[in-house]
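Have a look at the structure below before the remarks.
Throughout, read-outs are computed from the coordinates displayed, never taken from laboratory work. On a predicted model such as this, the values are computed, not experimentally measured, just so you know. Note that we place each Cβ from the backbone using ideal geometry, even for glycine, and neighbour counts take in every protein chain shown.
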Amino acid sequence: MFATNTPTNHSIFIPFDTGSPRDGVMQHISRLGSLARLDFERCSVAGEIIFAVEADAVPVSQSDEEARIGTLAYAMRKLEHAEDAAEFLRCLNAICEGGDARCRQTTASHYYHEISERGTSVVLKEMGWLAMQLASLNTVTEGWEEVDGWLDAEPVTATVAEQSKESIAAFITEEIASIARMTHGRRKSACFLHDEYGEWLSDLEANGANVEELDEAFAHIESLAQYDEGGAVIVMSSHERTVTCGRLDPEYAAEDLPEHAQYLVSELRRHYAHGRPLEELWDDLHAQLEVLFPTAGKTETGQTFYSHANRSWQQLVRQVLEAILSECQQDFHLTALRNNPSYRQFHKTIRSAQDARLISETMKRAYEARQAGMLPLKHFTALKTAAELQRERLGSQQLSTKAFRLVQEIQSASEARLRYFSWAFYGANQPAHVIHALPAQEQARVWATLKTRKEIVTQKVLRQAI
């Protein structure tokens with residue numbers, strides 16, 4: 001996915017810190033190529049994960065997407081009985097009458113949460129009460145005039161008190177009174193998020209701040225707006241989703257090491273996979289660094305010296321090795337080799353096998369270890385993948401001299417000779433035949449050649465008979 005001329009994608013997605021986030025990003029974009037810039041602008045980084053925000057595969061409008069939660073099909077999936085789903089939709093339609101799709105989505109989500117905590121029957125009863133009260137409250141009458149001030153909720157309270165003395169009545173009364181104040185005159189109301197920065201600017205302007213002070217305040221807010229949570233907090237509409245694009249490469253790579261110190265990378269990975277303790281591993285690496293980059297010692301003339309350059313080289317090599325060790329700890333295969341001796345032994349046998357029979361026998365023993373609880377399922381699955389890949393490698397290798405000569409003999413054999421080959425190749429009919437000394441993957445290729453040759457000869461005989 002990522003187009004870059006650099007060895008890692010770290011230089012694409014992580015701008016250099018110049019102290020000014022906006023200027024740093026602009027300078028970073030100006031140094032990127034066209035394809036790398038597309039990757040940078042499309043993707044974001046959250047920790048070590050690179051992700052992109054994409055729309056659904058099927059384009060839908062925002063209102064349709066938000067209204068999905070309020071459909072009958074969704075209610076039937078969430079509720080056990082179809083009657084409860086129908087009653088839920090009837091009450092939801094009455095409560096959200098005149099509202100938009102966002103209002104319907106929020107209301108349905110609230111009541112689904114209530115149902116999961118308190119039960120279906122109780123919540124449906126409350127929704128029914130609320131729907132009836134809203135229906136009576138919003139009755140359309142001729143000559144309706146909007147009255148200034150809040151709507152008096154006392155008549156509603158009296159009506160509810162007369163209908164029921166249950167505890168639910170008090171709850172309904174309070175909610176109806178609150179809704180009555182917001183919807184008098186058949187108007188819909190919504191609250192806005194509190195903007196502390198906007199309130200601060202309004203207070204400055206109201207208190208008589210001059211133009212310079214307001215400009216400074218706006219510049220301060222703009223600088224704060226540059227900072228975010230590194231992509232960890234994503235504000236999206238409900239018709240969008242995040243798609244993982246990959247993992248951020250570490251800042252340091254093996255190519256950053258000096259040429260005569262690059263062998264430490266393979267040594268680190270080998271010792272890590274073999275299960276060597278980390279403290280012992282680091283002690284060995286530090287000892288080798290002292291030999292490669294000596295910081296203090298004596299020259300041939302006996303004079304003492306101290307090298308600041310070698311000390312800097314040692315620090316760089318340690319940082320690179322720490323990054324590589326972190327990659328090893330995140331690698332499933334290397335961690336499995338380190339922590340599971342059975343997996344390490346089975347994998348080594350499979351990768352070094354030169355005969356498909358040995359791979360099959362190893363997988364049988366791995367299955368027995370899996371049944372005995374010595375090998376986790378994910379490790380056994382990884383071994384199956386390694387076995388399939390090794391079989392593909394063996395099958396694509398060049399035939400040995402014996403197998404190649406046998407294939408040539410089959411391709412030029414007569415019909416009677418082919419019948420002999422079929423008899424000699426099968427089972428223990430002729431154990432001394434050369435095919436029985438071949439590896440399993442070469443035997444399979446010889447058998448395939450024999451089958452193809454027999455089909456060709458048979459078709460030729462049929463054509464002659466016709």
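What FRET efficiency comes out for Thr242 versus His308 if R0 is 56 angstrom and r is the Cβ-Cβ distance? Round to the nearest 0.05.
0.75
Percent of Cα-Cα pairs more than 18 Å apart in region 340-395, please.
Pairs farther apart than 18 Å: 22 percent.
At a Förster radius of 56 Å, what calculated FRET efficiency corresponds to the Cβ-Cβ distance of Leu278 and Arg22, to the nearest 0.05?
Computed FRET efficiency for Leu278 and Arg22: 0.85.
Across the Cα atoms of region 285-366, what radius of gyration and what greatest pairwise Cα-Cα distance (Dmax) are found, in Å?
Reported Rg and Dmax, both Å: 21.7, 66.
What ranking of His271, His286 emerges when the number of other C-beta atoms within 10 Å of each C-beta is taken as an exposure proxy, fewest first?
His286, His271
Stretch Ser34-Glu300 to full length: gain in nm at 0.36 nm per residue minus the Cα-Cα span?
That pair, Ser34 and Glu300, stretches by 90.3 nm at full extension.
Give the order of Asp84, Asp249, Asp355 when sorted by the count of other beta carbons within 10 angstrom, beginning with the fewest.
Result, fewest neighbours first: Asp355, Asp84, Asp249.
With a Förster radius of 35 Å, plug the Cβ-Cβ distance of Glu251 and Glu54 into 1/(1 + (r/R0)^6) and report the FRET value to the nearest 0.05.
Efficiency for this residue pair is about 0.80.
Compute the Rg to Rh ratio over region 401-465 from the alpha carbon atoms, using the Kirkwood formula for Rh, and round to two decimal places.
0.99
Take the Cα atoms of region 66-122, find their three principal axes, and give me the spread along each one in whole Å, biggest first.
Each principal axis gives a Cα extent; for region 66-122 these are 27, 20, 17 Å.
Under 22 Å Cα to Cα from Lys348, which lysines show up? Leave out anything in the same chain fewer than 8 places away.
Filter leaves Lys364, Lys378, Lys384.
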